[in-house]
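Asks: Quick one: this structure, given as structure tokens, is what I'll be asking you about.
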Amino acid sequence: MKFLFSLLGLAGVGYGAYLANLHHPEIKDAVIRFVKNDEFHTLEARFTVEQIMEKNKGSLLKDGKYRFLEPGMKFVPYLLMESKYLTRSHRSEESLIIWDLIDGEMVLNTSEWIKTHGLSDCIMANVEGKEFRVLKALSERGEKGIDRDSLIRMLRIDADILYNILDSCKRKKLVVQSGSVYRIHVQNPRLNVKPVTFIDDRLVTKTCNSSERLGAKFSKRQIQRMAEKAFSEYNFATRRTLFVYLPVYVIIVQNPDGSVHTSYWNALNGRVIPFTSILE
């Protein structure tokens, strides 16, 4: 009987791990980071934290009553995908794509660290391929939106099919309707992009305390499925994947009242990044 209960216990742990991996990738990642403390891949930093602190001293320290505390560092997880796709001229090309595993957006270039906007909404809403096609069309119109008849002509799609797609997107809070006009429910969307990240930096390996590496909010499978839908028109395929990290400096300022202000800075371009982009 004890043996049976042991087997049931192991089965329960295994099933729980499966569900965690499927629905909560951050749990799996936290466990891995807890038990592993080895080398990992990261993009090479172009700036030191001292350079960033000195350059931005005027805005970070309002006067002599403010002072810097010891800075820190975090590593934000990304998925690097080696991919292939078909160009408009029907030529096969290969590319690298870097995708943020916390905010769910794709990096378009590493020099400016420009990203897409709206892909994370699509991942969380689990959009289908036809829905994404409509969302891309709406994103081109921005705040102006477009009426359904114009959208039918643009996409060359059956009216009933389009109605069902728009209705589904409205339920998923991805599309809003004002009278006869439909708009994408994303501020300044950036969805119409090629399956390429322009990378100006090289990969290096580091060893650090596992607590410095942040956990993922999105799984590799979620990102790959979104890429397949977003770039279906390019006959897109992923060849290999690799987990890489972006080095981020944590700069802490102590205020005169004893409180502290924490800001996060991209080590590749030396610019501040929104704290919401690295929250676990």
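Asks: Taking Cα pairs under 8 Å and at least six residues apart, what relative contact order does the chain come out at, in percent?
Replies: On the way: 472 pairs, mean separation 95.9, N = 280.
RCO, the chain: 34 percent.
Asks: For the peptides 267-275, 193-201, what is the packing order when you average, over each peptide's residues, the other Cβ atoms within 10 Å and list the highest mean first?
Replies: On the way: 267-275: 15.6, 193-201: 17.1.
Order by mean packing, descending: 193-201, 267-275.
Asks: Starting from the eigenvalues of the Cα gyration tensor, five times each then square-rooted, give me the equivalent ellipsoid semi-axes of region 63-205, largest first, whole Å.
Replies: 35, 22, 13
Asks: Ok, one more. Below 8 Å, C-alpha to C-alpha, sequence gap of six or more: please give me the relative contact order for region 67-140 in percent.
Replies: Values: 72 pairs, mean separation 13.1, N = 74.
Relative CO of region 67-140 lands at 18 percent.
Asks: Quick check on region 112-156: take the gyration tensor over C-alpha atoms, sort the square-rooted eigenvalues as a ≥ b ≥ c, and tell me if it's rounded (a/c under 1.5), prolate or oblate.
Replies: oblate
Asks: What are the principal axis extents of the Cα atoms in the chain, in Å, biggest first?
Replies: Extents along the principal axes: 69, 63, 43 Å.
Asks: Within 13 Å, Cβ to Cβ, of Arg88, how many net charges do the neighbouring residues add up to if Lys/Arg are +1 and Asp/Glu are -1? Write down the numbers at each step before the final one.
Replies: Numbers: positive: Arg91, Lys194; negative: Glu93, Glu233.
Local charge sum for Arg88: 0.
Asks: With the cut-off at 19 Å, tell me which of the pairs Lys74/Lys206; Lys130/Lys229; Lys115/Lys136; Lys173/Lys194; Lys84/Lys136 have Cα atoms farther apart than that. Let's see the in-between values first.
Replies: Working: Lys74/Lys206 12 Å; Lys130/Lys229 9 Å; Lys115/Lys136 16 Å; Lys173/Lys194 25 Å; Lys84/Lys136 21 Å.
Violating the 19 Å Cα-Cα cut-off are Lys173/Lys194; Lys84/Lys136.
Asks: Counting Lys and Arg as +1 and Asp and Glu as -1, what is the net charge of the other residues whose Cβ lies under 11 Å from the Cβ of Gly118?
Replies: Working: positive: Lys115, Lys136, Arg190; negative: Glu105, Asp121.
Residues close to Gly118 contribute a combined charge of +1.
Asks: Scan the chain and note any complete DSSP helix (H) whose C-alpha atoms cover at least 30 Å along its axis and whose Kyte-Doolittle average is -0.5 or more. Mind showing how you got there, number by number?
Replies: Values: long enough: 2-23 (31 Å, 1.02).
Those that clear 30 Å and a mean of -0.5 are 2-23.
Asks: From the residues Gly142, Ala159, Gln177, which one has its Cα farthest along the dipole of region 124-184 in the positive direction, the dipole being from +1 and -1 charges on Cβ of Lys/Arg and Asp/Glu about the Cα centre?
Replies: Positive-end residue among those listed: Gly142.
Asks: Something else now. Using the Cα centre of region 124-184 as the reference point, and only Cβ charges (+1 on K/R, -1 on D/E), how large is the resulting charge dipole? Debye, rounded to the nearest 20.
Replies: Using only the charged Cβ atoms, the result is roughly 180 debye.
Asks: In terms of modelled amide H atoms, which long-range or inter-chain residues lie less than 5 Å from the amide H of Ile114?
Replies: Distant-sequence amide H within range of Ile114: Leu108, Asn109.
Asks: In whole Å, what three semi-axes, largest first, describe the equivalent ellipsoid of region 124-184 built from its Cα gyration tensor (square root of 5 times each eigenvalue)?
Replies: Each semi-axis is √(5λ); the values are 15, 13, 11 Å.
Since every read-out is calculated from the coordinates, none of them should be taken as a lab result. Keep in mind that this is a model prediction, so the values were computed, not measured. FYI the Cβ positions are ideal-geometry reconstructions off the backbone, even for glycines, and counts take in every protein chain you see.
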